[in-house]
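Here is the structure we will look at, set down as structure tokens.
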Amino acid sequence: MTVYGYLRVHPQAVAGTSDVQGRWMLYFGCSEVYVDIWKGSQRPPMFERLLSVLRRGDEVRVPQLDVFGPTLTNVANAMTRLHGRGVMVVVIDEDIPRELRLTA
């Protein structure tokens, strides 16, 4: 099992934000961190690259669910794609209900 980190930073974020968050993700046990400097709901390129290296049993750690996009649909689509590959998603900094049901 490999633990990856994924970040999505808005292009207008404070300079160095992705560096600080990337180091933070390494602190939380990620062997490699993929960072998208991206705005909007289309598929970010580094997320697609991350999907290409993931194997069943791997883990993706994210600081918050909104790294998968600005809408619940984006989040649900990303989670479905990851779950379909047998990948576990761990959200480090978000209070998530014990049960989260995503339906179409």
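Within the stretch 35-60, restricting attention to residues that are more than 16 Å from Met88 (Cβ to Cβ) and modelled with pLDDT of 95 or more, which residue is nearest to the chain's Cα centre (by Cα)? In this case the residue turns out to be Arg49. Taking the stretch 1-18 as the range and being in contact with a strand residue (DSSP E or B) (Cβ under 9 Å, 6 or more places away or on another chain), farther than 12 Å from Ile92 by Cβ and of a type outside the set (Lys, Arg) as the test, the residues that pass are Met1, Thr2, Tyr4, Val9, His10, Pro11, Ala13, Thr17, Ser18.
Just the residues that are touching a residue at least 60 places away in the same chain (Cβ under 8 Å) and in contact with a Leu (Cβ under 9 Å, 6 or more places away or on another chain), please, taken from the stretch 27-67.
Pass one, the stretch 27-67, residues touching a residue at least 60 places away in the same chain (Cβ under 8 Å): 28, 67.
Within the stretch 27-67, just Val67 meets the criteria.
Arg23 passes every criterion in (1) under 10 Å from the mean Cα position of the chain (by Cα); (2) among the basic types (Lys, Arg); (3) modelled with pLDDT under 85 apart from (1). For Val35, indicate whether it is in contact with a Phe, Trp or Tyr (Cβ under 6 Å, 6 or more places away or on another chain) and under 22 Å from Gln12 (Cα atoms). When the stated conditions are applied, Val35 does not pass them. Of a type in the set (D, E, K, R) and surrounded by 19 or more Cβ atoms within 10 Å (Cβ to Cβ), is that true of Arg8? When the stated conditions are applied, Arg8 passes them. Taking the criterion of being under 17 Å from Pro11 (Cβ atoms) and either touching a Phe, Trp or Tyr at 6+ places or on another chain (Cβ under 8 Å) or not in a helix (DSSP H, G or I) (or both), the residues of the stretch 46-67 that qualify are Met46, Phe47, Val67. Taking first residues from the stretch 81-101 that are exposed (fewer than 10 other Cβ atoms within 10 Å of the Cβ) and partners that are among the small types (Gly, Ala, Ser) and modelled with pLDDT of 95 or more, no Cβ contact under 6 Å between residues at least 6 apart in sequence or on separate chains turns up.
The values are calculated or read from the model by the stated rules, or taken from the named source; none is laboratory data. Just so it is clear, the model here is predicted, and its values are computed rather than measured. For neighbour counting, all protein chains shown are included, and Cβ atoms are generated from backbone atoms with ideal geometry for every residue, glycine included.
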